[in-house]
1. Over the alpha-carbon set of the chain, work out the extent along each principal axis and list the three values in angstrom, largest first.
2. Calculate, in nm to one decimal, what residue 65 and residue 173 gain on full extension: separation in residues at 0.36 nm each, minus their alpha carbon distance.
3. When the chain is modelled as a GNM with alpha-carbon springs shorter than 10 Å, which of 167, 17, 68 fluctuates the most?
4. Using just the helices of the chain, give the 222 nm mean residue ellipticity in deg cm²/dmol: DSSP H runs with n ≥ 4 each add -39,500 (n - 2.57), and the total is spread over all residues, rounded to 500.
5. Using all alpha carbons of segment 1-50, what is the percent of pairwise distances in each 5 Å bin, ordered from the shortest bin to the longest?
């Protein structure tokens, strides 16, 4: 029973902290506020996580560890570049719709602590584009796609997938859309983004 209780407590802490960090950011969040939201005292919170930084990293790594292996598997499977673009876009957007705080978490932490990415790169499932790069170079050489570097193509994929979530308020303002319409736009992008990128590199 004690083990279950401890696991439940940690789950409550992570859930509460995720909500606070999402709404107030790393700098605006307070450990006392997280403890209150989790329904525990501050001493108990510090027993599980000695500092706000460690708590933030735990949430970040937990979410990133769910997404990164999926993307890495896509980049390194035996599918074509076209299928990789489709799968990457579908998986990324589907995941972020369920975890909307993650893109801003990444940008926020990398701006605040640029060396944090080095810790993430140590994880086994961190995306590796070596095979993707070789495929792109081979397809360009064989005239299957327009000349483009794998790095530029990968940046295009990342940018078109990530930006709409990072800039949600801006996009909603520019397009004069409500939340429901924005959500549908993101659903549509599962296909729109992949088609746009594939058409841009087709011969």
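1. Here the spans come out as 63, 42, 33 Å, largest first.
2. Here the answer is 35.7 nm.
3. Result for the chain, Cα springs under 10 Å: 167 fluctuates most.
4. So the helix-based figure for the chain works out to -26000 deg cm²/dmol.
5. In whole percents, the pair-distance histogram is 4, 24, 31, 24, 11, 4, 2, 0.
Just so you know, all these numbers are worked out from the coordinates, no wet-lab data involved. Quick caveat: nothing in here was measured; it's all calculated off a predicted structure.
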